[in-house]
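Just so you know, all these numbers are worked out from the coordinates, no wet-lab data involved. Since the model is a prediction, treat every value here as computed from it, not as a measurement. A quick note on method: Cβ atoms are made from the backbone with ideal geometry, for glycine too, and the neighbour counts reach across all protein chains shown.
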Amino acid sequence: MTLNVPSEGLEATNTAATAEFKPNDGLTARLLTIGAGFILLTEALFFLPTMASLRDEWIVSRLNTAEIVALAVTAPDSDGLMGGRTSELVRAAEIQSVTILQNDVRLAVMGAAPKGTIIDINPEAQTIGRSLSGVLEAYAAPKGRYLRIVGRPQTNAAIKLEVIVAEAPLKDSLMRSTWQVLLSSLALSLTIGALIYAALADGFVRPMRRLTRAITRFSTAPTDASRALVPSGRADEIGQAEVAFSAMQDTVRQAFIQKDRLAQLGLAVSKISHDLRHSLGAAQLVSERLASVDDPVVRATAPRLERALQRAVNLAQSTLAFGKAQERPPEVELLYLSDALDDAAEEALAGLTVPWQHDVPNDLEIEMDGEHLHRILTNLIRNAAQAIDQSGKPGTIRAYAALEGERIDLHVVDTGPGLPKRVQDNLFMPFAGSGLTGGTGLGLAIARELARLNGGDIVLVSTCQSGTDFVVHLLAQKDDAADGDA
């Protein structure tokens, strides 16, 4: 018999399944990654527009440089000017040619159109879409491609300038700006991510680590009160989680302690019941001998003594039966239900003068474990008889069977006082469902367990001041011959 299940065993099992808590940086890394990721995503959304703006500025700057060249060339002392700063601007901007367009007249200022692919650009007709697509084209520009920029100078809106420049400087400028934006964005994202983590560390990360450590400690030793989490008093969701977990700790701890005590108590009661049963057996032998004595006083009291001893024996047997770790598996056999009822009633009504009858046909057969069925019926009939006997009023017990498909419903009906409401609420709970004086509530709990073990059940159909009706669901005999013919 195995009843004692101390909490230490459960703690050992939990310890094997749960290692000691070791803090890691998973949450920290996640916060940093999320913060940096959002910054990089924001930068990415603005990257192309930024590069498009830089491209447009580069184009305008080349047009302005061409205007300076045109003014220098058309000035009276053009040779001197071209020999100084202006020539340096032309070389730096890689300007290939500058042409003035006025009244359908083309005036070549300097240079000539180079050989190679030339892309036309009009700054005045630029849109956001064209600027964005122009950036992408510039990134993929092949070597040796040129741009033809046509636009009006700032000083003279009556003319237009046509400037042909190499696209390579634009591509180089965009690549340098791209790396600068990428590095600055990465540094900014890491900095902001670190700031976000620092801001949330005290308010989120450390409290979550504390709560995780408390959960792990509790799972390894649920009965150790020294490992209980003390709520920090926060008013946010983390504080509410701490309060809820603390209350759960107290509930689970008390449940473990109560279970441990009940297990120890059950073991002690089982040992006492085991020894008491033998003592009561010897006392029964003495009471039977007393019943044969000719003394009228002894003969009058002997039956009551026998009944008391029989109830004590039944109580010890019920306690021992319930204390077993589990019932043995059913050994199915073919039984006559009528004979089983007669045997159970003979044992259950020993020492009790309660009228009993059943209307079950003698040839009604069931397939079930005989010992299990005997214990089920004995418990039901004895409970009904004791209820009638303790009420002090006359009553009867009757059993009848009804065939419901492949199931037999066996009703055990009495005309006793009925079951109180408090008993009905805990009818099949051990040590809680007895309405008898001195009862333990084990009889019905054991009977239902045995019935379900055999594929049936026990149900309370009705109860009132005029009697109680229990039904036992049993499996009828299978008609193997009929199944074979079919």
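When all alpha carbon pairs of segment 327-485 are counted in 5 Å bins from zero, the resulting P(r) reads 2, 9, 19, 23, 21, 14, 8, 3, 1, 1, 0, 0 %. Rounded to the nearest 20 debye, the dipole magnitude of segment 340-414 is 520 debye, with +1 charges on Lys and Arg beta carbons, -1 on Asp and Glu beta carbons, and the Cα centre as origin. Each of Val73, Val297, Val252 has some number of other Cβ atoms within 10 Å of its Cβ, and from fewest to most they run Val297, Val252, Val73. Rg/Rh for segment 356-410: what does it come to with C-alpha atoms and Rh from Kirkwood? In segment 356-410, Rg relative to Rh is 1.03.
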